[in-house]
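See below for the structure under consideration.
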Amino acid sequence: MIDGRSREELNALPCTAPDLEDEAEHFIVCPECGQAFDCRKLGDVLHHDEPGHEPLTVQ
Ligand SMILES: [Zn+2]
């Protein structure tokens, strides 16, 4: 929970990232847990910004 919002709600926020030709370019690998995540998903970005976090469960 961040500001009372769940990660799912944060992920649903509109994204201001430019459209990239390659979908893979939106993904970055977290240096902390080694999981690749979509940097357009604010909830995921904030999760991976936490020190000592675990990789997210991929649905
Ligand atoms: Zn991470």
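The values are calculated or read from the model by the stated rules, or taken from the named source; none is laboratory data. Every value quoted in this text rests on a predicted model; they were computed, and no experiment measured them. Every residue, glycine as well, gets a Cβ built from its backbone with ideal geometry; the counts of neighbours run over all protein chains shown. Ligands, DNA and RNA are stripped out before the accessible areas are found, and what is left, the full protein with its side chains, is counted by its heavy atoms. Shrake-Rupley method; radii C 1.70, N 1.55, O 1.52, S 1.80 Å.
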Over segment 7-48, average the accessible area per residue using a 1.4 Å probe and give it in Å², no decimals. 68 Å²
Taking protein heavy atoms only, a 1.4 Å probe, and rounding to whole percent, the accessible area of the chain owed to carbon and sulfur comes out at 52 percent
Label zone at ASP22 (point 7 Å along Cα-to-Cβ), backbone N below 12 Å, segment 38-56: none
Evaluate 2.2 N^0.38 Å with N set to the residue count of the chain, then give the Cα radius of gyration divided by it. 1.13
For the chain, what's the relative contact order in percent, using C-alpha pairs closer than 8 Å and at least 6 residues apart? 32 percent
Cα-centre dipole for the chain with unit charges at Cβ (Lys and Arg positive, Asp and Glu negative), debye to 20: 220 debye
